[in-house]
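The next block holds one structure in the form of structure tokens; read it before the comments.
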């Protein structure tokens with residue numbers, strides 16, 4: 001199977017312990033897949049690792065956002081979307097919590113006519129009560145916000161999703177609707193699509209982070225709640 005029609009966007013910040021394994025799995029599993037690692041000013045060796053991959057495989061590219069004025073996961077994804085030339089986009093984290101083997105299911109549904117395909121996490125509790133509670137609250141409030149537009153989604157804060165490139169790029173003109181310093185770009189996108197948008201879901205097991213630390217903090221939570229009313 002040839003995956004030249006798809007670009008995987010991986011927003012990163014200090015993921016040197018994970019990014020090599022992830023890229024290895026993706027390029028070995030998906031022939032001719034395109035990868036953009038959109039790095040948000042990492043201070044470790046993330047960028048060097050990606051550059052080394054690029055020397056061996058020109059389909060693996062680094063987008064260095066070190067000098068950008070606005071930093072955030074959403075901003076990193078948006079900047080990468082702007083330069084995508086393939087038919088489909090898949091967005092996934094660089095921490096190995098999103099299973100690479102599920103990428104093909106997302107791409108297949110896009111090829112079958114879906115506009116957006118969302119990776120829906122099976123409920124998992126990793127011992128962080130605050131994060132678990134805030135995640136549950138965020139999902140419920142986000143679902144209610146989207147229902148006002150006639151959109152049903154079971155995991156509005158998922159960071160693992162696929163989308164038709166033309167659809168995503170067409171919504172970038174509404175830049176003020178995106179919380180660029182935030183980390184839930186899917187939710188910002190869903191707020192802009194119509195109820196006629198073909199949305200499908202792929203269920204997956206959300207694994208524990210293998211290495212490094214989560215970047216999500218209370219400030220990101222506040223940004224998300226702000227986006228509910230934007």
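For (1) over 19 Å from the mean Cα position of the chain (by Cα); (2) surrounded by fewer than 15 Cβ atoms within 10 Å (Cβ to Cβ); (3) closer than 15 Å to residue 227 by Cβ, each residue gets a yes or a no:
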residue	(1), (2), (3)
149	yes, yes, yes
161	no, no, no
170	no, yes, no
175	no, yes, yes
184	no, no, yes
187	no, no, yes
199	no, no, no
202	no, no, no
message: Take the conditions closer than 22 Å to residue 9 by Cβ, in a loop (DSSP other than H, G, I, E, B), out of contact with any strand residue (DSSP E or B) (no Cβ under 6 Å at 6 or more places or on another chain) and at pLDDT 95 or above and apply them to residue 172. Does it pass?
response: no
task: Test residue 78 against the criterion of being surrounded by 16 or more Cβ atoms within 10 Å (Cβ to Cβ), assigned to a strand (DSSP E or B) and either in contact with a helix residue (DSSP H, G or I) (Cβ under 9 Å, 6 or more places away or on another chain) or on the phi < 0 side of the Ramachandran plot (or both), and give yes or no.
output: no
query: If you go through segment 24-42 one residue at a time, how many are farther than 15 Å from residue 80 by Cβ, assigned to a loop (DSSP other than H, G, I, E, B) and out of contact with any strand residue (DSSP E or B) (no Cβ under 7 Å at 6 or more places or on another chain)?
result: 1
query: Tally time: how many residues in segment 81-106 are part of a helix (DSSP H, G or I) and buried (at least 23 other Cβ atoms within 10 Å of the Cβ)?
result: 2
Subset of segment 117-139 that is in contact with a helix residue (DSSP H, G or I) (Cβ under 7 Å, 6 or more places away or on another chain) and more than 12 Å from residue 155 (Cβ to Cβ) - its residue that is modelled with the lowest pLDDT: 125
- prompt: residue 185 is checked against (1) modelled with pLDDT of 95 or more; (2) farther than 19 Å from residue 71 by Cβ and fails just one. What number does that condition carry?
  reply: (2)
query: Among (1) modelled with pLDDT of 95 or more; (2) in a loop (DSSP other than H, G, I, E, B); (3) crowded, with 17+ Cβ neighbours inside 10 Å, which single condition is residue 157 missing?
result: (1)
query: For residues in segment 1-23 being surrounded by fewer than 16 Cβ atoms within 10 Å (Cβ to Cβ) and in a loop (DSSP other than H, G, I, E, B), which is modelled with the lowest pLDDT?
result: 1
- prompt: Is it the case that segment 46-63 has a residue that's more than 19 Å from residue 188 (Cα to Cα), in a loop (DSSP other than H, G, I, E, B) and within 18 Å of the chain's Cα centre (by Cα)?
  reply: no
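The values are calculated or read from the model by the stated rules, or taken from the named source; none is laboratory data. In this text, all values refer to a predicted model and were calculated from it rather than measured experimentally. No Cβ is skipped: glycine too gets one built from the backbone with ideal geometry, and neighbour counts run over all protein chains shown.
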